[in-house]
Amino acid sequence: MPSAPSPWWRYAVIYQVYPRSWADADGDGLGDLPGITSRLPHLVELGVDAVWISPFYPSPQRDAGYDVADYRDVDPRFGTLDDFDALIERAHALGLKVIVDLVPNHSSSDHPWFQEALAAAPGSPERARYIFRDGRGPGGDSPPNNWRSKFGGSAWTRITEADGSPGQWYLHLFDESQPDFDWSHAEVRSEFEDILRFWLDRGVDGFRIDVAHGMVKTEGFPDAPDDYDLAVDPTASQPMWDQPAVHDIFRSWRRLVDTYDGDRLLCAEAWVRPDEALARYVRPDECHHSFNFGYLMTPWRAADQRESITRSLEAVRSVGAVQTWVLSNHDVVRHATRLAVPQTTTSVIPGIGPDDPQPDAELGLRRARAATALMLALPGAAYLYQGEELGLPEATTLPPDVRQDPTFWRSDDGDVGRDGCRVPVPWEADRPAFGFNETGATWLPQPAVYGQLSVDRQRGVPDSTFELYRSLLALRRDRGLGRGELSWLGGFGTDVVAFAVVAGGTTTTVLANLGDTPLALPSQLDVLVTSGPARRDLLPDTTVWLDGDLSGTGGISSRA
Ligand code: NOJ
């Protein structure tokens, strides 16, 4: 019996659009849905399978839309529900799937439920949908526990009760304008199932689930260990992350999406460690994808890369899922800049500002191209972030007065925040705002270098980053790399990441030189694509894909 075809998401490449910054049809300086629809052909030209759109729902935009006031509508700044329907129709006509962003850990403080909770009394049903608690100490003046907000400061804010007295405290793992829901409440669960159906019925092909690992907190809200580190601790050791009961929610959502046709996707944004913890989010009855942030945080060193890839593949194999690969998104320093700064696992998060040492742009771009070429050869699915196909660097010199990320404003340790990776993308060098719109208005200023990196300056230019991405994506598809089996190759020295991917009888050999001396390329295989200059030796910070198999011809093969 012929085997069933794989669901579309299994080996897909999914492109993230950050609606504020991709394309602005009405010229107000903030991107919008009609802008996205007009630029969808770019994604077909690039060669991706799907687009994931960050939140566009009604929102006061205190966290760029990750603070949702109404889960079933479109913010007028981004358009209307009709614009959304037009977007999805056009995308489907072009053969692209559409993923929307669901933000279930918290709402905006402008959400009617939260406003009702503020107006109601302690212990009321309205308060029970969120996490309100009495404070500690005399007069309840201290927060209920020591948890810290991811954006800096306490994770609790005290309210004033309707009668003017100092009141209860509510939990917000992020900004104070983002109160956390209480997911033990049946009404919260049924509301979100209804929201899922609302968008599924409108034809979306799946959801990216914001803060998937934070939705359930340890009962009793105990203090966290004193010295806990929000960014890197093994997560389940902290009472607010990766609690076992969170998986019940994804099981129920999986049952729900499985009642729809078309292989709708659930992708968890779960910053959890170790890899085995991440794999629990993609067990057969839970989500289909979970972002591989461990890989994103892996330093650009050959041994670290090999270890991270091996561990990632083993972890998902144990649950029969596919791995995802990702290097950039709207929360981390763009990899064309990140890879040029000293390589530590934490260099992804805090942002780079004008007062920091400025990274070497050439080195960053060379490494970013090599890293992407390595990533797109790996088995599984991959996520790209808008503008990385142009080699856009982080905007590292944004002045404080233009910054909008709440991380910058709340940070107690000098983080400049994430605005630097969210600057509007350049399309045409000689048009206003480099083609982002017709008026030249932009909600964040674009660095001058973005002009030289615009799509029209790169299209058809053989060694441009845009054409490199197009070649990599076309070859990845033609050679079935996403569905391939990876075997490590030895014999190239410690600084080279070397592996073969076999798919459907075709072997692709991948060599990435992370050292500082050139490597002679095996002469018997043709070069399919290279991230650097076309030469018979592989320069430092360069990745090459070769046509065929080296085992038996000099390279030493060893299974991962
Ligand atoms: C993760 C999102 O990617 C990020 O942008 C947001 O600030 C937090 N979750 C809170 O929603």
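Looking only at residues that are aliphatic (A, V, I, L, M) and assigned to a helix (DSSP H, G or I) in segment 244-273, which one is surrounded by the fewest Cβ atoms within 10 Å (Cβ to Cβ)? Steps first, please.
Applying the first criterion (aliphatic (A, V, I, L, M)) to segment 244-273 yields 245-246, 249, 256-257, 265-266, 268, 270, 272.
The next check asks that each one be assigned to a helix (DSSP H, G or I); those that pass are 246, 249, 256-257.
Values: Val246: 23, Ile249: 20, Leu256: 16, Val257: 19.
Within segment 244-273, the match that is surrounded by the fewest Cβ atoms within 10 Å (Cβ to Cβ) is Leu256.
Out of segment 274-289, which residues are buried (at least 19 other Cβ atoms within 10 Å of the Cβ) and either within 19 Å of Thr372 (Cα to Cα) or basic (Lys, Arg) (or both)?
Arg280, the sole residue that qualifies.
How about segment 54-72: which of its residues are more than 13 Å from the ligand (Cβ to nearest atom) and either closer than 14 Å to Val425 by Cβ or not aliphatic (A, V, I, L, M) (or both)? Full working, then the answer.
Within segment 54-72, the subset more than 13 Å from the ligand (Cβ to nearest atom) is 56, 58, 60, 69-72.
Once the filter is applied, which keeps residues that are more than 13 Å from the ligand (Cβ to nearest atom) and either closer than 14 Å to Val425 by Cβ or not aliphatic (A, V, I, L, M) (or both), segment 54-72 yields Phe56, Pro58, Pro60, Asp70, Tyr71, Arg72.
Being assigned to a loop (DSSP other than H, G, I, E, B) and β-branched (Val, Ile, Thr) is the filter; apply it to segment 489-529 and report the residue that is farthest from Ala377 (Cα to Cα). Quick ask: steps written out before the conclusion?
Restricting attention to segment 489-529, the residues satisfying the condition of being assigned to a loop (DSSP other than H, G, I, E, B) are 491-495, 504-505, 514-518, 521-525.
Remaining after also requiring β-branched (Val, Ile, Thr): 494, 517.
Details: Thr494: 20, Thr517: 23 Å.
Top of the filtered list is Thr517.
So, in segment 461-474, of the ones that are open to solvent by 60 Å² or more (accessible area, probe 1.4 Å) and over 26 Å from the mean Cα position of the chain (by Cα), which residue ends up farthest from Pro393 (Cα to Cα)? Talk me through it step by step, then tell me what you get.
Filtering segment 461-474 down to residues open to solvent by 60 Å² or more (accessible area, probe 1.4 Å) leaves 462-463, 470.
Subsequent filtering for residues that are over 26 Å from the mean Cα position of the chain (by Cα) retains 462-463.
Working: Pro462: 20, Asp463: 17 Å.
So the residue we want is Pro462.
Where in segment 344-452 are the helices (runs of 4 or more DSSP H), entirely inside, with at least 3 residues that are modelled with pLDDT under 95?
406-410
If a residue has to be within 15 Å of Arg273 (Cα to Cα), part of a loop (DSSP other than H, G, I, E, B) and either open to solvent by 10 Å² or more (accessible area, probe 1.4 Å) or in contact (Cβ under 8 Å) with a residue 60 or more places away in the chain (or both) to count, how many in segment 290-322 make the cut?
The number of residues fulfilling the criteria is 3.
Being among the aromatic types (Phe, Trp, Tyr) and more than 24 Å from Thr542 (Cβ to Cβ) is the filter here, so list the residues in segment 285-313 that pass it.
Initial filter on segment 285-313 (among the aromatic types (Phe, Trp, Tyr)): 291, 293, 295, 300.
If the condition is that a residue be among the aromatic types (Phe, Trp, Tyr) and more than 24 Å from Thr542 (Cβ to Cβ), then Phe291, Phe293 are the ones that fit.
Name, by its number, the condition in (1) closer than 30 Å to Ser312 by Cα; (2) touching a Ser or Thr at 6+ places or on another chain (Cβ under 8 Å); (3) not basic (Lys, Arg) that does not hold for Glu428.
(1)
Please specify each residue of segment 392-442 satisfying the condition of being within 18 Å of Gly31 (Cα to Cα), open to solvent by 20 Å² or more (accessible area, probe 1.4 Å) and more than 16 Å from the ligand (Cβ to nearest atom).
Val402, Glu428, Arg431, Pro432, Phe434, Glu438, Thr439, Gly440, Ala441, Thr442
Restricting to segment 170-180, and then to whatever is of a type in the set (A, V, I, L, M, F, W, C) and surrounded by 24 or more Cβ atoms within 10 Å (Cβ to Cβ), can you tell me which residue is nearest to the ligand (Cβ to nearest atom)? Steps first, please.
Applying the first criterion (of a type in the set (A, V, I, L, M, F, W, C)) to segment 170-180 yields 171, 173-174.
Among the residues that remain, those that are also surrounded by 24 or more Cβ atoms within 10 Å (Cβ to Cβ) are: 171, 174.
Working: Leu171: 14, Phe174: 4 Å.
Residue satisfying both the conditions and the ranking: Phe174.
Please specify each residue of segment 151-179 satisfying the condition of being within 13 Å of Gly135 (Cα to Cα), aliphatic (A, V, I, L, M) and either part of a strand (DSSP E or B) or modelled with pLDDT under 95 (or both).
Ile159, Leu171
Tell me, please, whether a residue that is open to solvent by 10 Å² or more (accessible area, probe 1.4 Å), within 15 Å of the ligand (Cβ to nearest atom), of a type in the set (Asp, Glu) and closer than 26 Å to Asp415 by Cβ can be found in segment 323-342.
Yes, the conditions are met somewhere in segment 323-342.
Given Gly123, Gly140, Gly167, which one is small (Gly, Ala, Ser), open to solvent by 60 Å² or more (accessible area, probe 1.4 Å) and either within 16 Å of the ligand (Cβ to nearest atom) or in contact with a strand residue (DSSP E or B) (Cβ under 9 Å, 6 or more places away or on another chain) (or both)? Steps first, please.
Details: Gly140 fails: open to solvent by 60 Å² or more (accessible area, probe 1.4 Å); Gly167 fails: open to solvent by 60 Å² or more (accessible area, probe 1.4 Å).
Residue meeting the stated conditions: Gly123.
Just one of (1) touching a residue at least 24 places away in the same chain (Cβ under 8 Å); (2) part of a helix (DSSP H, G or I); (3) in contact with a helix residue (DSSP H, G or I) (Cβ under 7 Å, 6 or more places away or on another chain); (4) not hydrophobic (A, V, I, L, M, F, W, C) trips up Glu116, so point out which.
Glu116 satisfies every listed condition except (1).
Filter segment 192-207 down to the residues that are open to solvent by less than 40 Å² (accessible area, probe 1.4 Å) and not aromatic (Phe, Trp, Tyr) and list them by number. Break it down into steps so the answer makes sense when it comes.
Filtering segment 192-207 for residues open to solvent by less than 40 Å² (accessible area, probe 1.4 Å) gives 192, 195-196, 199-200, 203-207.
Ile195, Leu196, Leu200, Gly203, Val204, Asp205, Gly206 - these are the residues of segment 192-207 that are open to solvent by less than 40 Å² (accessible area, probe 1.4 Å) and not aromatic (Phe, Trp, Tyr).
Sort through Arg477, Arg457 and tell me the only one that's within 26 Å of the chain's Cα centre (by Cα) and among the basic types (Lys, Arg).
Every option except Arg477 fails the conditions.
Answer yes if at least one residue in segment 190-212 is farther than 22 Å from Val98 by Cα, assigned to a loop (DSSP other than H, G, I, E, B) and of a type in the set (S, T, N, Q), and no otherwise.
Looking for residues that are farther than 22 Å from Val98 by Cα, assigned to a loop (DSSP other than H, G, I, E, B) and of a type in the set (S, T, N, Q), one finds none in segment 190-212, hence no.
Restricting segment 90-106 to residues that are away from the ligand (no atom under 14 Å from the Cβ) and in contact (Cβ under 8 Å) with a residue 60 or more places away in the chain, which is nearest to the chain's Cα centre (by Cα)? Break it down stepwise before answering.
First pass over segment 90-106, keeping only residues away from the ligand (no atom under 14 Å from the Cβ): 90-98.
Keeping just the survivors that are in contact (Cβ under 8 Å) with a residue 60 or more places away in the chain gives 92, 97-98.
Details: His92: 22, Lys97: 17, Val98: 15 Å.
Ranking the qualifying residues of segment 90-106, first place goes to Val98.
What's the total number of residues in segment 71-97 that are farther than 19 Å from Pro58 by Cα and either open to solvent by less than 20 Å² (accessible area, probe 1.4 Å) or in contact with a strand residue (DSSP E or B) (Cβ under 7 Å, 6 or more places away or on another chain) (or both)? First the steps, then the outcome.
Initial filter on segment 71-97 (farther than 19 Å from Pro58 by Cα): 89-97.
Pick out the ones that are also either open to solvent by less than 20 Å² (accessible area, probe 1.4 Å) or in contact with a strand residue (DSSP E or B) (Cβ under 7 Å, 6 or more places away or on another chain) (or both) and you get 91, 96-97.
Selection size over segment 71-97: 3.
Step by step: first the residues of segment 210-224, then only those that are among the aliphatic types (A, V, I, L, M) and either at pLDDT below 95 or more than 14 Å from Asp248 (Cβ to Cβ) (or both), then the one that is nearest to the ligand (Cβ to nearest atom). Which residue is that? Show your work before the answer.
Here is the first cut: in segment 210-224, the residues among the aliphatic types (A, V, I, L, M) are 211-212, 215-216, 224.
Next, only the ones that are either at pLDDT below 95 or more than 14 Å from Asp248 (Cβ to Cβ) (or both) stay: 211, 224.
Details: Val211: 5, Ala224: 18 Å.
Result: Val211.
Mind checking which residues of segment 12-70 are of a type in the set (Ser, Thr, Tyr), open to solvent by 10 Å² or more (accessible area, probe 1.4 Å) and touching a strand residue (DSSP E or B) at 6+ places or on another chain (Cβ under 6 Å)?
none
The values are calculated or read from the model by the stated rules, or taken from the named source; none is laboratory data. Predicted, not measured: the structure shown is a model, and the values here were computed from it. With ideal geometry, Cβ positions are generated from the backbone for all residues, glycine too; neighbour counts draw on all protein chains shown. Protein only, heavy atoms only, side chains kept; ligands, DNA and RNA dropped before computing areas. Shrake-Rupley method; radii C 1.70, N 1.55, O 1.52, S 1.80 Å.
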